[in-house]
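**Q** Please find one structure pasted underneath; my questions will follow.
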Amino acid sequence: MRDFKFSASFVTGQFKWLSLLSLVAALSACKVGPDYHPPEVVTPKRWSGTSPVACGGEFIRQLCDAKENNRAPTEPSQTKTTDLAHWWRGFQDPKLNSLIRRSLQGNLDLQAANARLLVSRAQVTSSAAALWPRLGMSGGYQRERLSPNALKGILSGAFEGGESTTGLLSSLGPLGEPFNLFQAGFDSSWELDIFGGIKRQKEAAQAAAEATEESRRDIGITLSAEVARLYLEMIALQRRLDIAHQRVENQHKILSLAENAYQEGFANALDVKRAKTEMQAVEASVPMIEAQINNIRHGLAVLLGQQPTALDHEFATLNTEIPHPPVLPVGTPADLLRRRPDIRKAERQVAAANAMIGAATAELFPKITITGAVGLQSQDMGDLASFNSGFYGVGPRFSLPIFQAGRLLANIDAQEARKTEALKEYEKSVLLALREVEDGMSTLNGEYRRQQALLTAETSARNSQEAASFIYQEGETELQSVLDSNRTWFDVQEQLVQSQLGWATGHVALYKALGGGWELESK
């Protein structure tokens, strides 16, 4: 019967502990504050502008070929699209692919963003650790002296009727004498997250880490677009440099025509001076173009995380043909919410602000912390390991804010205002993204029409220049007509190069606006 009673009491005790733990677990599942719901933003069903991206660079390529071969261009029956995540490959330029790949590996801004991501992930782990008990170990030595007067007063108050405490004091040993105190043990504490304040903090840290990751992706997208833009500008400058050299060569020919005409009596000395001045002005433009090419090489090297002159040998010679971009997979406006990392970053910041409202609200509720300590304490080092030196203590601690002068409520109001701010920033980022795409398509539309007009103008200007030179040799026109027609021809060539560059970089800007390169981690 005694064994049965022991077993019953044991089972009853275990049941009470299990019930208590179940209650704590149920309460810990609660989380005060608003649950997060992603913000809803209304986007257009389709883009308002129409763009020549339907035929894209392929039509421009055929148009250029047609002008050079004096035939009509044909509309392409099938156009080639590119993977938006790796849009630069669509240019089919190995050097561009290599530059972007190396920049994504060596760029210092991107490496710094990777370090910030590691910091934010570590903060998530730190926030989650608060949900678990904390256990520590401590030990120490202290030289102490007890005050006889203070202890005598304390003990005297414990006795009634003025009873002498001399015997009790003497039993405690020599008072006023210093003594050693050795101590070692473990202590622990565990805050029960009954109202979910710690969980909300972890939720906020997780959302902030995800926002940091999106920021890193945004840096990668901006980096790839900047590398492509500088590379295309460098090619265009090389093309302009070739045009400048051709222009100098052509001016030498015109100067020779003027000198011959002067010697034969068909022209005066002023024509020779005009031709020489024009030639010198053209020669003066060459060094500046060369300096611009060097500066872009330096900028590209820094973007790759290298010394400014690291690419001088690799790009000492350049192809002067600007690569044609492929067809753009524009998609729908709603796709931006998924592809643009700046939009996803703004959404995660809304989530973090929402979680912090719950963390602030939890401060209004009671906190229960279970603390405990166990260890050894002795005046003699030799007795520290004995059983009589042991001590322990365990129990809950309860705290509840009663009067905070409105601090806790003001903190909740502040967190709600921060969420409103984050929400408006999210809506703004969506609007700016929509505008960037619409602007990009509008720019390509204008550049498309401009390039067609310039191709026609270049043919006309070249014919006019050839005709003016021929007529001048026959002595039937003035030199100024030759100079003007020659200047117009080369100016149109420069404008055509600028238009071809604008067409290519316009695609790069639109790729970036569409979120191209957002799957950088899968490159």
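The values are calculated or read from the model by the stated rules, or taken from the named source; none is laboratory data. What you see is a predicted model, and the numbers here were worked out from it, not measured in a lab. Every residue, glycine among them, receives a Cβ derived from its backbone with ideal geometry; neighbour counts consider all protein chains shown.
**Q** Would you say residue 266 is at pLDDT below 95, under 29 Å from residue 516 (Cβ atoms) and aromatic (Phe, Trp, Tyr)? First the steps, then the outcome.
**A** Working: at pLDDT below 95: yes; under 29 Å from residue 516 (Cβ atoms): no; aromatic (Phe, Trp, Tyr): yes.
When the stated conditions are applied, residue 266 does not pass them.
**Q** Going through 422, 346, 351 one at a time, which residue ends up being touching a residue at least 24 places away in the same chain (Cβ under 8 Å), buried (at least 16 other Cβ atoms within 10 Å of the Cβ) and touching an Asp or Glu at 6+ places or on another chain (Cβ under 6 Å)? Steps first, please.
**A** Details: 422 fails: touching an Asp or Glu at 6+ places or on another chain (Cβ under 6 Å); 351 fails: touching an Asp or Glu at 6+ places or on another chain (Cβ under 6 Å).
Exactly one of 422, 346, 351 is touching a residue at least 24 places away in the same chain (Cβ under 8 Å), buried (at least 16 other Cβ atoms within 10 Å of the Cβ) and touching an Asp or Glu at 6+ places or on another chain (Cβ under 6 Å), namely 346.
**Q** Now, a different point. Would it be correct to say that residue 430 is part of a helix (DSSP H, G or I) and either among the β-branched types (Val, Ile, Thr) or closer than 26 Å to residue 506 by Cα (or both)? Walk me through how you get there before you give the answer.
**A** On the way: part of a helix (DSSP H, G or I): yes; either among the β-branched types (Val, Ile, Thr) or closer than 26 Å to residue 506 by Cα (or both): yes.
It is true that residue 430 is part of a helix (DSSP H, G or I) and either among the β-branched types (Val, Ile, Thr) or closer than 26 Å to residue 506 by Cα (or both).
**Q** Would region 231-242 turn up any residue that is at pLDDT 90 or above and touching a Lys or Arg at 6+ places or on another chain (Cβ under 9 Å)?
**A** Our first condition is that a residue be at pLDDT 90 or above; within region 231-242, this holds for 231-242.
Now drop any that are not touching a Lys or Arg at 6+ places or on another chain (Cβ under 9 Å), which leaves 231, 234.
Yes: region 231-242 contains one or more residues that are at pLDDT 90 or above and touching a Lys or Arg at 6+ places or on another chain (Cβ under 9 Å).
**Q** Let me ask another. Within region 250-272, does at least one residue satisfy the condition of being under 21 Å from residue 93 (Cβ atoms) and acidic (Asp, Glu)? Working first, answer last.
**A** Kept after step one, since they are under 21 Å from residue 93 (Cβ atoms), are these residues of region 250-272: none.
No, every residue in region 250-272 fails to be under 21 Å from residue 93 (Cβ atoms) and acidic (Asp, Glu).
**Q** Tell me yes or no: at least one residue of region 269-278 is hydrophobic (A, V, I, L, M, F, W, C) and not in a helix (DSSP H, G or I). So that I can check it myself, show each step before the final result.
**A** Of all residues in region 269-278, those hydrophobic (A, V, I, L, M, F, W, C) come to 269-270, 272, 275.
If we keep only those that are not in a helix (DSSP H, G or I) too, we end up with none.
Among the residues of region 269-278, not one is hydrophobic (A, V, I, L, M, F, W, C) and not in a helix (DSSP H, G or I), which makes the answer no.
**Q** Here are 412, 402, 471: which of them is modelled with pLDDT of 85 or more, of a type in the set (A, V, I, L, M) and part of a helix (DSSP H, G or I)?
**A** Values: 402 fails: part of a helix (DSSP H, G or I); 471 fails: modelled with pLDDT of 85 or more.
Going through 412, 402, 471 in turn, just one is modelled with pLDDT of 85 or more, of a type in the set (A, V, I, L, M) and part of a helix (DSSP H, G or I): 412.
**Q** Against the condition under 24 Å from residue 225 (Cα atoms), part of a loop (DSSP other than H, G, I, E, B) and of a type outside the set (A, V, I, L, M, F, W, C), how does residue 506 come out, does it pass?
**A** Details: under 24 Å from residue 225 (Cα atoms): yes; part of a loop (DSSP other than H, G, I, E, B): no; of a type outside the set (A, V, I, L, M, F, W, C): yes.
Considered against the rule, which asks whether it is under 24 Å from residue 225 (Cα atoms), part of a loop (DSSP other than H, G, I, E, B) and of a type outside the set (A, V, I, L, M, F, W, C), residue 506 comes out as no.
**Q** Okay, moving on. Is it the case, given these coordinates, that residue 396 is in a loop (DSSP other than H, G, I, E, B) and surrounded by fewer than 17 Cβ atoms within 10 Å (Cβ to Cβ)? If you could, list the steps in order and put the result at the bottom.
**A** Values: in a loop (DSSP other than H, G, I, E, B): no; surrounded by fewer than 17 Cβ atoms within 10 Å (Cβ to Cβ): yes.
No, not satisfied.
**Q** Specify the residue that is modelled with the highest pLDDT; the eligible residues are those in region 106-138 that are of a type in the set (Ser, Thr, Tyr) and surrounded by 15 or more Cβ atoms within 10 Å (Cβ to Cβ).
**A** 120
**Q** Separate question: Suppose we filter region 361-380 for residues that are within 26 Å of residue 195 (Cβ to Cβ) and either assigned to a strand (DSSP E or B) or among the basic types (Lys, Arg) (or both); how many remain?
**A** Quick first cut of region 361-380, residues within 26 Å of residue 195 (Cβ to Cβ) only: 361-372.
If we keep only those that are either assigned to a strand (DSSP E or B) or among the basic types (Lys, Arg) (or both) too, we end up with 367-372.
Adding up the residues that qualify gives 6.
**Q** For region 296-340: of the residues being in contact with a Gly (Cβ under 7 Å, 6 or more places away or on another chain) and assigned to a helix (DSSP H, G or I), which is nearest to residue 435 (Cα to Cα)?
**A** 336
**Q** Just to be sure before I move on: is residue 462 assigned to a helix (DSSP H, G or I) and charged (D, E, K, R) in the structure I sent? Lay out the reasoning, then the answer.
**A** On the way: assigned to a helix (DSSP H, G or I): yes; charged (D, E, K, R): yes.
Yes, satisfied.
To keep it simple, each residue is scored yes or no on (1) free of Cβ contacts under 8 Å to residues at least 40 places away in the same chain; (2) over 27 Å from the mean Cα position of the chain (by Cα); (3) more than 30 Å from residue 331 (Cβ to Cβ).
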position	(1), (2), (3)
396	yes, yes, yes
405	yes, yes, yes
417	yes, no, yes
446	yes, yes, no
461	yes, yes, yes
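**Q** Name the residue, out of 246, 238, 292, that is over 30 Å from residue 87 (Cβ atoms), assigned to a helix (DSSP H, G or I) and not aromatic (Phe, Trp, Tyr).
**A** On the way: 238 fails: over 30 Å from residue 87 (Cβ atoms); 292 fails: over 30 Å from residue 87 (Cβ atoms).
On inspection, the qualifying residue turns out to be 246.
**Q** To continue, here is another question. Which condition from (1) farther than 18 Å from residue 429 by Cβ; (2) under 23 Å from the mean Cα position of the chain (by Cα) is the one that residue 349 breaks?
**A** (1)
**Q** Of the numbered conditions (1) part of a helix (DSSP H, G or I); (2) surrounded by fewer than 22 Cβ atoms within 10 Å (Cβ to Cβ), residue 266 fails exactly one; give the number of that condition.
**A** So the condition that residue 266 fails would be (1).
**Q** Output the residue which, of all residues in region 218-238 that are over 15 Å from residue 95 (Cβ atoms) and among the charged types (D, E, K, R), is nearest to the chain's Cα centre (by Cα).
**A** 218
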